[in-house]
Structures are given as C-alpha cells and as structure tokens.
Amino acid sequence: MKPVSAYQDVPGRVRLARFLTRRDFQSQGLFIILAILLIWGSIHVASSNLAESSGKTGFAFLWQKASFELGESLIPYSAGDTYFKAFVVGVLNTLKVAALGIVLSTFIGLIIALGQLSKSVVITRLCRGYVEVVRNIPLLLQLLFWHTFLLRGLPTVRQALSPVDGIYLTNRGLYLVSPVPESSFGIVMAALLVGIILASGLWYWHRKTNAGFRLWPLGLTLTFLPAIIATYVAGAPITWDVPQLTGFNFTGGMTISPEFTAMLLGLSIYTGAFNAEIIRAGILGVSKGQVEAGLSLGLHPGQVMRKIVLPQALRIIIPPISNSYLNLTKESSLGVAIGYPEIVRVANITLAETSQSLECISIIMLIYLILSLITSLILNVMNARSSREER
Amino acid sequence: MTELALNRSPWWQRLISEVTKSPMSTILNVVALGMLLLIAIPLVKWALIDAVWTGDSGDSCPAGSGACWAFIGSKLRLILFGRFPYDEQWRALAGTVILVALVVISLNPVFWRKWLLPVWIAGLLSYGILMWGGVFGLSYVESSLWGGLPLTILLTVFGVAFGLVISVPIALGRQSKLPVFRLSAIVFVEAVRGVPLISVLFMASVLLPLIIPDGFTPDGLGRVLIGLVLFLAAYMAEVLRGGLQAIPKGQYEACRSLGVAYWPMILKVILPQAFEMVLPAMVNLFIGALKGTSLVVIVAMMDLLGAAQAALADPKWIGFYVETYVFAGIVYALMCGSISWYGRQTERSLREMREHSNKN
C-alpha cells in the first residue's frame with residue numbers, strides 16, 4: 001500500500017481505477033453483492049411460497065383474539081385476549097422462572113463450590129460427583145424427568161403429601177399457604193419504612209462518629225419496633241390463606257404448577273453445577289496469602305471467607321457467571337417441551353393457530369436478543385463497579 | 001517428603017490418613033459418610049438388590065419391587081436405534097462405529113498425516129452406504145427413520161465437523177481489517193449467541209422450506225443439521241477468535257517476511273496453533289453439542305432421548321419412566337465423560353509432542 005500523499009498527486013480517474021482494482025475492495029464488494037442476491041432471492045421465494053399457502057403476513061395478527069388458555073400467568077389472562085397479551089404473559093413467565101432460577105442456581109452453586117473446598121474428603125467427592133454427573137446429562141432429559149416425576153411420582157390430591165402443615169405436594173401441583181394483606185397492611189408497612197429510615201440514620205451516625213457502641217442490637221430494634229407497635233395497635237397486617245381440600249381439589253392458598261416446579265428444579269440443578277465450577281475457580285483464584293493474612297489477624301475462618309475471599313473472588317466470578325445466567329435464561333426456552341407457558345411455548349401455540357411462522361419465530365428471537373442485551377448491559381455495569389474497587 | 005510417602009502407601013491407608021487429618025475433619029467425614037449411606041443404601045437396594053432383571057411385561061415388576069431393568073432390556077433396541085428397521089439395525093450400528101472410529105482417530109495428533117483424508121472419504125462413503133442403503137443388496141432406509149443413538153452421534157459429529165469448518169471464516173472475518181467482513185461476522189455471531197438453540201432449530205425446520213425453492217429443500221434431518229451447524233459455528237468462531245488473538249504478532253510478521261501468502265499462512269501457521277490453544281474449550285463445545293442434539297426431540301425427531309420417550313408409550317409397560325431416564329442419562333453421561341477424558345488425553349499427547357520436538 002502506498003501512503004495517502006502518493007494518491008493526491010495522480011488524477012482522480014486513475015485514483016478511482018486503482019481503488020477499484022484493489023483486492024480488499026473487490027472481495028468486500030463481491031460479498032455484499034452475493035449477500036444482497038441471497039437475501040433478495042429468499043424474500044422472492046418466500047413471498048411466492050406464502051402467496052400459495054395462506055397469504056397472511058405482517059404483525060397485524062397480534063391484535064386478534066387468541067383462543068387458547070395458558071396454564072399460568074402473572075397478569076390476568078384468558079382465552080379471548082389478544083395474541084399480544086399472550087406474548088406478554090410468555091415473556092413474564094420466562095422472566096419469572098429465569099429470575100428465580102438465577103437465585104436458586106447461585107445458591108446451589110455456592111454450596112457445592114464450598115463443599116468441594118471443604119475439609120472432608122467425603123463431602124468433596126460428593127460435590128465433585130454432583131457436578132460431573134449433572135453437567136454431563138442434557139438439560140432437556142432432566143426437565144422431562146422432573147416433569148414426569150412431579151406428575152406421576154407424587155400422590156393424588158386426596159392423598160396429598162404434607163411435610164409441613166400448609167404445604168401440600170400433589171400431582172396437580174404444589175399447594176402453599178399464601179399471605180393475604182389485611183386493612184392494616186399499609187399502616188404496618190409505613191411503620192416498617194419509618195423504622196428502616198431511623199435505622200439507616202443510626203447507621204450513618206455510627207459510621208460518622210465512630211461511636212463506641214455495638215450497632216446491631218439497637219439497629220435491629222429501631223428497624224422493627226415501629227412495625228411491631230403498629231401491628232399491636234392496628235392488628236395483624238397479613239393473614240395466612242391455608243389451602244383446604246374441598247371436593248376434588250384444593251381451594252385457597254397458592255398453587256405452583258408442576259411445570260413451573262419442574263422448570264425451576266431442572267434449570268437450577270443444571271445451572272447450579274456450572275455455577276459451582278465458576279465459583280470454585282473464583283475462590284481458588286484468590287491467593288492463599290490473603291487467607292493466611294486474615295487468619296493471622298485473628299479473623300474467624302467464616303469471616304475470612306465472607307470478608308476477604310468472597311469479595312475478591314467476585315471479581316473473577318462475575319464475567320463467567322453472567323454468561324451462565326444468560327444461558328439459564330435462554331435455556332428456559334425448553335419449557336416448550338414440558339408445557340410451561342414461556343415465550344417459545346406461546347409462540348409455538350400461536351404459530352399452530354395462525355400459521356404465521358415467520359412472524360412468530362422472529363418474535364422469539366427478538367425477545368431473546370433484547371433480554372440478552374439487557375442482561376449483559378446490567379452485568380457489565382456491575383462488573384465495572386466491582387473491578388473499580390481495585391487499587 | 002510426607003506426600004511422597006503417602007503416595008506410596010496403599011489407597012486405604014491414604015484414605016484413613018486423609019479422613020483423620022484433624023478432629024474437625026474426622027467429625028465432618030463421619031457425618032457426611034452417614035448422610036451418604038442414608039441416601040446410598042436405598043438407592044443400591046432399588047437399583048440392584050430389589051431390581052427385576054427379566055420379564056416381558058409390566059406385570060413382572062410389581063409395585064413394591066425395585067428398578068425394573070427388564071423394561072430397559074425389552075426396549076433396548078427401540079431406545080438405542082429408534083425406528084430404524086429392526087432387521088437392518090446392524091447397519092446403523094456398524095456405520096456409527098465407523099463414524100466414531102474416524103472421529104477418535106482424527107482427534108489424536110499422532111494420526112495427523114496425509115492418509116487421513118482418503119480414510120475419511122472411504123469412511124464417510126461406507127457410512128452413507130450403510131445408513132441409506134439402496135446399493136449392494138441393502139434395502140433403502142429413509143433418513144426420517146434414522147433414530148436413537150446413531151442419530152444423536154450423527155448430529156453431534158457432523159454438527160461439530162461442519163461447524164468447525166464454517167467457524168474458521170467467521171473467526172477470521174471478525175478479526176479482519178475489512179469492515180464488511182468484520183461487521184457481518186459480528187452480527188452473525190452475536191445474533192446467534194443471543195438466541196436459544198431451540199429457536200434456531202425452529203427457524204431451520206420452519207423457515208428453510210419457505211425460503212428455498214421447492215425441490216431443493218433438504219429433508220427434516222438436513223434442516224435440523226443446518227440449524228445445529230449454524231448455531232455451533234457461532235460459538236466455535238468465538239472460541240477460535242480467542243485462540244487467534246493469543247497468537248503472537250511475530251508469527252504473522254515472520255510469515256510476511258518469508259513471503260508466505262495469506263491463505264497458506266492462515267492454514268499452515270496460524271490455525272494449527274490457534275486450534276491447539278483452544279482445544280479444551282472446543283472439547284467443552286463438543287460436549288455441549290452432544291447435549292444440545294437432544295433438543296431435536298422438540299422438532300419431532302427421534303434421537304436417543306426421543307426414542308427413550310417413545311419406549312415409555314407402550315401400554316404393556318406403564319410407569320417405568322425413572323428407569324428409562326436413568327438409562328438414557330447414563331448413556332449421555334458416559335458419552336460426555338469419554339469425550340472430556342479423550343480431550344484431556346489429546347491435550348497431554350499434544351504437549352508431549354511439543355516438548356519432544358522442542359528437544360530435537
């Protein structure tokens with residue numbers, strides 16, 4: 001390649017000719033032409049194929065009435081609502097299972113990782129075995145297993161299993177007590193808020209002045225005292241709605257469907273194994289000298305873990321575990337196989353009803369792309385914050 | 001010194017000294033062992049002692065007994081081969097053995113010789129003849145009838161192989177100085193990595209017939225394979241990019257100063273080193289691909305998992321889902337385990353080869 005100044009001396013015609021004969025220009029141009037041809041060709045074929053079959057295209061169907069019910073929903077939904085609303089329900093269900101799965105899988109991962117680093121050979125081997133087995137079995141198989149187990153392995157409603165009063169395990173789902181807010185709910189919550197503000201003030205003052213008293217007893221009292229007084233004066237803020245066996249089913253309380261339970265169990269157990277490896281690598285990545293220094297300062301081993309190892313390990317853990325969370329969110333799409341009404345399931349039913357495959361599949365992809373982008377943005381910010389503490 | 005002595009002593013002595021390192025660890029171990037036994041004893045009782053090994057219908061496994069392996073025994077051919085014609089199943093077995101042998105050979109650097117290419121061509125040819133048939137007096141078997149373990153292995157092997165081939169230009173494109181190539185590679189990789197595999201499979205099986213003119217549309221297996229290949233290629237390109245970035249600039253400069261052209265440089269100098277660097281990550285992707293093939297069940301294909309589910313539908317045997325899923329799970333775990341074991345072996349032999357050649 002010649003320096004730019006060399007071009008300026010030659011006439012424009014020659015410059016253009018030189019540019020056009022350059023290999024990188026030609027190869028890129030060829031690539032663009034081929035790509036345009038390919039896209040144009042597929043649009044051409046697709047439109048002729050569509051014209052033959054139904055001819056319906058576009059996203060107008062989103063405002064038509066859907067005729068299917070969805071098993072569960074965070075917002076009120078029933079057959080006769082629009083397809084658009086059905087998709088919103090799907091997105092919310094995906095977010096629900098992903099959010100809870102992320103929390104639970106992190107918890108499982110932490111426990112298994114600590115287990116692998118424990119002093120006991122038996123525990124170490126056991127946790128190692130868990131990781132090796134669970135990671136090597138396809139998630140779909142695990143989901144199908146849990147789903148079948150919850151449907152067939154649990155007793156019928158009449159012989160419901162009840163490990164604790166108020167919790168009933170049946171093949172139609174989990175029945176739990178649910179809290180019902182009473183009239184005094186608002187007052188007690190306001191009192192709790194006042195308590196939290198007071199306690200934060202105390203915490204701030206304690207930090208500013210380095211006052212020589214222990215923070216926790218007074219802080220906790222300040223937090224909960226107003227709420228306790230309010231409860232005493234205005235009555236209990238919530239009552240418990242206990243599920244009752246009436247006729248053929250339970251009424252009252254809340255129901256967790258076997259599909260949701262299977263999804264949550266499968267996703268958390270599977271991703272938990274991956275998270276365990278990530279967390280273990282993070283903890284091992286903190287140098288041994290840090291632990292020894294903490295111990296020699298007289299800190300309790302638990303304190304060393306909480307205050308010295310974990311904060312530093314977080315820096316190593318966050319990037320790979322954010323990837324793992326994204327994977328969990330994407331893998332929640334397997335709900336379609338066991339009938340959990342998440343995005344792919346909703347899109348799949350819609351596709352069967354409207355036969356607008358192109359639109360339904362683009363909606364799935366678009367939603368997941370947006371979710372991925374948002375998640376990676378949030379985690380990037382978190383990552384930046386945790387690495388900025390470095391000195 | 002003590003460690004050396006420990007390593008020489010028999011395993012039970014090592015175990016005992018490990019368990020009784022400190023009073024705290026002894027207590028922990030004993031408690032953990034107790035809990036382990038609490039789980040393990042009923043499990044062993046169910047899986048081995050109370051298990052029913054023979055029988056020809058669900059009646060041979062009464063409610064109180066343990067695992068009903070008789071069910072797996074009577075459904076073994078269905079679970080392993082799916083709907084492949086019963087009398088021809090030896091062909092699927094032989095073909096799959098050839099395919100696996102080819103992969104095992106090619107992953108070992110000792111066999112990276114010129115004769116590997118003709119061996120692959122001959123192997124693939126005999127694989128195709130065995131699976132499809134239609135020549136040499138073998139009856140023709142449609143690809144929609146392929147199923148079970150051969151289908152799982154087929155999808156994995158060809159998904160990974162084609163994925164690797166496609167991932168090379170994508171990874172190079174992402175590294176390229178030319179904006180068109182770089183941008184297209186970035187868009188492709190990020191778009192595919194942002195969506196779940198199942199949506200890519202849906203797209204392949206629903207959209208491909210729409211955008212390809214009639215008559216040229218690949219069959220169901222081909223469509224799923226295309227989806228799988230595109231999906232894997234994006235992930236592999238990302239892994240390969242890591243390897244490409246880790247290659248010192250001096251390698252490129254040395255090539256240029258020796259007058260080596262672009263493609264020979266990439267193929268003979270850069271890529272071999274890059275692949276070697278990312279081998280562990282590629283092995284992980286291989287395992288992910290194997291697990292990912294189970295998703296074809298959702299687009300109505302009968303791989304190992306699909307065939308296992310089909311076995312559950314027999315009205316003569318009701319309710320032996322635990323045995324079925326445990327069996328399928330063990331098969332998957334064994335396959336994944338052996339891939340990662342073989343990957344570690346390859347890594348080690350590569351390292352030894354490198355050290356050996358460095359000494360000379």
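At-a-glance table
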item	result
Descending principal axes extents, the stretch A:269-391, alpha-carbon based, whole Å	69, 29, 16
Estimated D of the stretch A:51-186 in µm² per second, where Rh is the Kirkwood radius over Cα pairs and Stokes-Einstein applies at 25 °C, 0.890 mPa s	124
Rounded accessible area of B:D87 (nearest 10 Å², 1.4 Å probe)	120
Volume per residue of the C-alpha convex hull in the stretch A:136-252, rounded to whole Å³	203
Taking chain A and dividing mean pair separation by its residue count, relative contact order in percent (alpha carbons under 8 Å, at least six apart)	20
Cα→Cβ-extended label distance, 7 Å offset, between A:W216 and A:V180, nm	3.8
The stretch B:86-140 - percent of accessible surface contributed by carbon and sulfur, probe 1.4 Å	78
Within a Gaussian network of chain A (alpha carbon springs, distance under 10 Å), most fluctuating of A:G219, A:G253, A:G302	A:G219
Peptides ranked, highest mean first, by Cβ atoms within 10 Å: ranges A:59-72, B:149-162	B:149-162, A:59-72
Whole-number percent relative contact order across the stretch A:138-205, with pairs defined as alpha carbons under 8 Å at least 6 apart	18
Highest-MSF residue in chain A out of A:D81, A:D241, A:D165 [GNM, Cα springs under 10 Å]	A:D165
Chain pair A, B: total accessible area buried, heavy atoms, 1.4 Å probe, Å²	4200
Full-stretch length increase - A:Q244, A:K119 - with 0.36 nm per residue and alpha-carbon distance subtracted	40.4 nm
Long-range HN-HN contacts of B:V52 with modeled amide H, under 5 Å	B:G66, B:A67, B:C68, B:W69, B:A70
Rg/Rg_ref, chain B, where Rg_ref = 2.2 N^0.38 Å and atoms are Cα	1.22
Simple spin-label estimate for A:I43 and B:S106 in nanometres, 7 Å along Cα-Cβ	3.8
For the stretch A:166-182, 3J(HN,Hα) per residue [Karplus equation, 6.51 cos²θ - 1.76 cosθ + 1.60, θ = phi - 60°, Hz, x = Gly/Pro]	x, 10, 10, 9, 9, 6, 9, x, 9, 10, 10, 5, 10, x, 10, x, 9
Cα-based Lys pair tally, chain A, threshold under 18 Å, eight or more apart or on separate chains	6
The protein assembly as shown - Rg over Rh from alpha carbon coordinates, Kirkwood radius	0.99
Solvent-accessible area, 1.4 Å probe, carbon plus sulfur percent, for the stretch A:179-238	75
FRET efficiency, B:A246 to A:A51 (Cβ-Cβ, R0 45 Å, nearest 0.05)	0.30
Highest-MSF residue in chain B out of B:G194, B:G34, B:G292 [GNM, Cα springs under 10 Å]	B:G34
Whole-angstrom gap from the stretch A:40-110 to the stretch A:345-367, using each part's C-alpha centre	6
The stretch B:109-174 - convex hull of alpha carbons, volume per residue in Å³	139
Volume in Å³ per residue [convex hull over Cα atoms, computed for the stretch B:147-243]	108
Whole-Å semi-axes of chain A's equivalent ellipsoid (Cα gyration tensor)	47, 38, 25
Equivalent ellipsoid semi-axes - Cα gyration tensor, the stretch A:179-238, angstrom	28, 10, 7
For the protein assembly as shown, Cys with no neighbouring Cys Cβ under 4.7 Å	A:C127, A:C360, B:C255, B:C336
At least 50 Å² of accessible area lost relative to the chain alone, listed for the stretch B:257-303 with a 1.4 Å probe	B:K291, B:I298
For the protein assembly as shown, accessible area per residue (1.4 Å probe, heavy atoms of protein chains only), Å²	55
Share of carbon and sulfur in the accessible heavy-atom surface of the stretch B:171-213 [1.4 Å probe, %]	75
Whole-angstrom Cα spans of the stretch B:86-140 along principal axes, big to small	38, 18, 10
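The values are calculated or read from the model by the stated rules, or taken from the named source; none is laboratory data. Computed from a predicted structure; not experimentally measured. We place every Cβ from the backbone using ideal geometry, glycine too, and count neighbours over all the protein chains shown. Areas reflect the complete protein model, heavy atoms only, side chains present, ligands, DNA and RNA absent. Shrake-Rupley method; radii C 1.70, N 1.55, O 1.52, S 1.80 Å.
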